[in-house]
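Every number here is computed from the coordinates shown, using simple stated rules; none is lab data. Since the structure is predicted, the reported quantities are computational estimates derived from the model, not experimental observations. Don't worry about glycine lacking a Cβ; one is built from the backbone with ideal geometry, like all the others, and counts go over all protein chains shown.
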Amino acid sequence: MLDQLTERLSGVIKTLRGQARLTESNIQDALREVRIALLEADVALPVVKRFVEEVKTKALGQSVITSLTPGQAFIGVVHEELTKLMGEKSEGLSLLAQPPAVVLMAGLQGSGKTTSSGKLAKWLKEQEKKKVLLVSCDVYRPAAIEQLKILAGSLQVDFLDSSANESPVAIAEKALDYARRHFFDVLIVDTAGRLAIDEAMMTEIKALHQALNPIETLFVVDAMQGQDAVNTAKAFGDTLPLTGVIVTKLDGDARGGVALSVKEVTQKPIKFVGTGEKLTGLEVFHPDRIASRILGMGDVLSLIEDAQRHVDQAEAEKLANKIKKGLDFDLEDFKSQLIQMKKAGGLSAMMDKLPAQLTKNIPQQGGVDDKAMNRVEGIINSMTQQERRFPGIIKASRKKRIAAGAGVSVQEVNRLLNQFEQMQKMMKMMSRSGLTKMMRGMKGMIPGLRG
Amino acid sequence: MFSFFKKSPKENTSPAPTQEGWLTRLKSGLKKTRDNLQNKVSGLFTGRLNDEWFNELEEALILADVGVKTAQLLIKNLKIKAKEERVEEAAELKPLLRSMLIDLLSPLERSFDPDRAKPFVLVFAGVNGAGKTTSIGKLAQHLKNHHYSVLLAAGDTFRAAAVAQLVAWGERNQVDVITQEKGDSAAVIFDAIQAAKARQIDVVLADTAGRLPTQLHLMEEIKKVKRVIAKADPSAPHEVILVLDANTGQNAITQVKAFDEALQLTGLIITKLDGTARGGVVAAIAGECPKPILFIGVGEQLDDMQPFSANSFVDALIE
């Protein structure tokens, strides 16, 4: 995500290399690059203009500290301003209401309200240990209620059925009453997608808001939206007292301009970002971390949190002990690592959060292939326990059998064994000389990293 | 010139939508775009030309999602033209900009001709929430109005209740929908084509699950869908359509490129032009990765699906 923005800004630093200090003339080009980079990322034009002005004023006033190059100083200013633009700190959900705390979802058609409702329910249930009730007031789109019902079912979250014949307000009142009587902590109300210029529909959601008196009214916006996103956000904000924003589909591709402009325009914090199609793909929004990500500094904190959330601690410790004791790292361990990695959202999710310096050698399009991990798993699954523990015994005839079992070519089995051998060496190295050396040796060794 | 099917022999018997009606709808659909450009642009077409003026025009274009690259190109050419023709007043530039936009967009016009094959198979692809299923519903209605028999294939086997959504559309239009309890999209669509052959159906509209171009495994999956369709009928699919939300910003370019690479698109459908969306992204597509636009969605009504005309589009945009 946001790669192109990062790339452009990296280019900007280069142009500033070798300059003694930041002056009006030498930051002119840099500022223009920032402007184009932001516009190409679909950041709203008024926001871009203000942002560039701000950066210019700040950068000119900046005396370059000796330890910093002008490029670094400039990036420092951009980072600071980006963080400010997106909201200074992360703001979680406020559920400080007499239960049930009501969360109302609003947004355009296809922005991802229903999926986000599901993800939010899961997040509240698992992270905050809340008893959550889901209800859909979307009586317009065919099968919208059904969609949320199925999501709720797969999340094992309670769902209150409604029908397309009921009025949205009646559904809302019914749900509120139900939630109260059954002691739910949180009630999440999904609504139909609507255009901000559709007066009848906007009146309806206003009525919903009145009936529910939600503690959180979240505006759901698609990260791929163009210049109009801010107008929509503003129009919704004018009708509804929004309390926050969810930016969805942020894993889609390089742009994410909406994330930059929406806070500025609505003055409401972005509370969550949706990534990935799986129901785990919801992250609390951390402005400073995203700013780092944009600037190519990586979002290592989120990566660590991801890992903590998904990685099986016991497994990890077992492996660490094994390596510490100098025991051989075998294919069984390798496989369990792959599984852990998959749980953390797969390679591509992790790559997004690594610093650009580490990932820049990997081709942008199709660089990371999560599927390759599945193939590797398949190959290992086709081996006997003996073979997994002592890969050395795998010779031609065993290779043939494994390849046939996994449905791959013998070459692929060979490649895996080679990769594994190198990894094994590295593990030994690590047990002796620590992590840094290992990272250096790591290039090209994870399956799925082409290039 | 605005007839729905240029070569349709059935056209005479069909209740063709009146020109007036849809042009008005397109205009009102694009009204916001126009307002937006107008606030900026028509106010702009006064006074004398200078660099500042061109900068303002560039910003107006960018605000309409035309994109930096295409906007800069348009401005560059406009400057050259202005010099050539010794234009000094901004007002005189309006027809020039208009004809430049029409030149840019007219290669995207293409007629839709479902009589080329029977069954005529269309596959719909796109990102999540672009409006694939709704577009299929509208197009099915349109085709039915023009006396084609239609079969829908519920190929979105991933999203919860996507099948139910398509079935609901089928019921509204009284069109049969092929579904499977469990199965992948390729299999469902294969079945639908076989069924269409057996039932002598004219057109098959195949839905697929929404996917982002960065989800490589899903892009592979949809390639497979296309391959399997060719197994059911070597000449199919006859149209591979990317459904694009008009609200999309510059990401639209990435989408068109990625889906084209995977599927060799034959056309686009631009949805949700009735909102505050600006048609500007269409110009960006024309500039950077032109693909014909088969239809545009300009309203919530079932029949608000219209063919794309560069002339009307530009008129609605800047007149």
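Table for the structure above
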item: Options B:Gly287, B:Gly297, B:Phe259, ranked by Cα towards positive dipole end of the range B:114-308, top entry (Cβ charges); result: B:Phe259
item: Cross-link pairs beyond the 24 Å C-alpha cut-off, checked among A:Lys371/B:Lys182; A:Lys122/B:Lys257; A:Lys84/A:Lys234; A:Lys130/A:Lys278; A:Lys122/A:Lys271; result: A:Lys122/B:Lys257
item: Cut-off under 5 Å, modelled amide H: who pairs with A:Gly244 long-range; result: A:Thr217, A:Phe219
item: Local electrostatic count, A:Phe334, Cβ distance below 10 Å [Lys/Arg +1, Asp/Glu -1]; result: -2
item: Prolate/oblate/rounded call for the range B:47-87, Cα gyration tensor, a/c under 1.5 rounded; result: oblate
item: Longest to shortest principal axis, alpha-carbon extents of the range B:210-319, angstrom; result: 47, 28, 24
item: Counted charge near A:Ser94, where neighbours are those whose Cβ lies closer than 15 Å (Asp, Glu -1; Lys, Arg +1); result: 0
item: Approximate shape of the range A:124-271 as ellipsoid semi-axes (Cα gyration tensor, √5λ), whole Å, largest first; result: 26, 18, 15
item: Formal net charge of residues neighbouring B:Leu152 (Cβ-Cβ distance under 14 Å; K, R +1; D, E -1); result: -1
item: Full-stretch length increase - A:Tyr178, A:Lys131 - with 0.36 nm per residue and alpha-carbon distance subtracted; result: 15.6 nm
item: Distance histogram for the range B:114-308 (every C-alpha pair counted, 5 angstrom bins, percent rounded to whole numbers); result: 1, 8, 18, 22, 22, 16, 9, 3, 0
item: Amide hydrogen neighbours beyond the local backbone of B:Val121, cut-off 5 Å, H modeled; result: B:Val204, B:His238, B:Glu239
